[in-house]
1. Which pairs do you get when a residue that is of a type in the set (Phe, Trp, Tyr), found in the range 219-233, comes within reach of a residue that is part of a helix (DSSP H, G or I), reach meaning Cβ atoms under 7 angstrom, with the pair 6+ apart or on two chains?
2. Inspect all residues belonging to the range 47-55 and state whether any of them is surrounded by 14 or more Cβ atoms within 10 Å (Cβ to Cβ), assigned to a helix (DSSP H, G or I), at pLDDT 90 or above and in contact with a Lys or Arg (Cβ under 8 Å, 6 or more places away or on another chain).
3. Is it fair to say THR255 is on the phi < 0 side of the Ramachandran plot and touching a helix residue (DSSP H, G or I) at 6+ places or on another chain (Cβ under 8 Å)?
4. Can you report the number of residues in the range 258-291 which are crowded, with 22+ Cβ neighbours inside 10 Å and on the phi > 0 side of the Ramachandran plot?
5. Can you find a residue in the range 112-128 that is among the charged types (D, E, K, R) and over 15 Å from VAL184 (Cα atoms)?
6. For the range 230-245, give me each residue that is closer than 18 Å to PHE268 by Cβ and surrounded by 17 or more Cβ atoms within 10 Å (Cβ to Cβ).
7. Any residue at all in the range 106-113 that is of a type in the set (Gly, Ala, Ser), loosely packed, with under 14 Cβ neighbours inside 10 Å and farther than 28 Å from VAL284 by Cβ?
8. May I ask you to list the residues in the range 282-291 that are assigned to a loop (DSSP other than H, G, I, E, B), closer than 27 Å to PHE81 by Cα and not polar (S, T, N, Q)?
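The values are calculated or read from the model by the stated rules, or taken from the named source; none is laboratory data. Small disclaimer: the values here were computed from a predicted structure and weren't measured. Every residue, glycine among them, receives a Cβ derived from its backbone with ideal geometry; neighbour counts consider all protein chains shown. We work out accessible area using only protein heavy atoms, side chains counted, and drop any ligands, DNA or RNA first. Shrake-Rupley method; radii C 1.70, N 1.55, O 1.52, S 1.80 Å.
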Amino acid sequence: RVNIRVARLLAFALARDRYSINVESSMDLVLGTCDRFVLTPLIYPASWKEDDWTRQLLSLYLITWIGGWLLYFFTASFSYFFLFDEKWTKHKLFLRRQVWLEIACATKSIPGMALLTFPIFFLEVRGYSKLYMGVTTLSDWVYLAVSIGAFLMFTDCLIYWIHRGLHYGVFYKVIHKTHHKWKVPTPFASHAFHPVDGFLQSVPYHIIPFLFPLHKVAFLCLFLFVNIWTVSIHDGEYRVPPVLQPIVNGSAHHTYHHLFYNCNYGQFFTLWDRIGNSIKFPEVYSGKKSL
């Protein structure tokens, strides 16, 4: 009996060591940085270990909420003050105090979006995704480049159909209509929508690392890019190189979406709008008239 108990204890210890190593190797870069410089030395008691799952859950929610709001506010502020053309604030469809209304809507929505999102980040941190570190061989670099392109194409396809679905019946009335309050949007409208709306349209970004291997740093950079892009398509800046205008779903395309509701559902490209027969080419590109 003693030998059996010793064997069980040894097996438990080895299993625990293996588990700790897996958690360590899959530790999210952002969470690890926040632990190292802020949470461990300044916020949490020393007895609350960094790999404790309850601490990770709380930390990830706070990072997703506060970090998400800061990323939104500073990116949208930069875009608004340096790129956005204030002539659009004189448009007849521009609401009174619209900028403040957009900021208020986003500020109320981001905690809810964080609540729906942070469990997915928790699964990533605990090692359930296919995120990886390390690029050594030429084939690794080739795969990294291909995976970035695949990320954009895969998510663009799914977001198109999710976004289009949100324009039907009760989904539009209850969830998506909030975002279409801003018919002539500013960069601050980028995150001004119902929390469920924001989460649903972000789902493709979150599920892809569970389906395909993605480099952890590349995924983090892409996540930042997605947020910047979301702001950019609401910035009223329509200067897209002519060769890219038929391909890229830029700010002019997305402003048409806000104005006409039933066109230009894509996120990055116009491909799926063409396939789904929902493309509406902005006349501002051809110089026929201003939006």
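1. Pairs found: PHE219/PRO209; PHE223/TYR205.
2. Yes.
3. Values: on the phi < 0 side of the Ramachandran plot: yes; touching a helix residue (DSSP H, G or I) at 6+ places or on another chain (Cβ under 8 Å): no.
In short, no.
4. Total meeting the criteria: 1.
5. So in the range 112-128, the residues among the charged types (D, E, K, R) come out as 124, 126.
Narrowing further to those that are over 15 Å from VAL184 (Cα atoms): 124, 126.
Yes, the range 112-128 has at least one match.
6. THR230, VAL231, SER232, ILE233, HIS234, ASP235, GLU237, TYR238, VAL240, GLN245
7. Keep residues of the range 106-113 that are of a type in the set (Gly, Ala, Ser), which gives 106, 109, 112.
Still in the list and also loosely packed, with under 14 Cβ neighbours inside 10 Å: none.
Within the range 106-113, none of the residues are of a type in the set (Gly, Ala, Ser), loosely packed, with under 14 Cβ neighbours inside 10 Å and farther than 28 Å from VAL284 by Cβ.
8. Within the range 282-291, the subset assigned to a loop (DSSP other than H, G, I, E, B) is 282, 287-291.
Keeping just the survivors that are closer than 27 Å to PHE81 by Cα gives 282, 287, 289-291.
Correct list: PRO282, GLY287, LYS289, LEU291.
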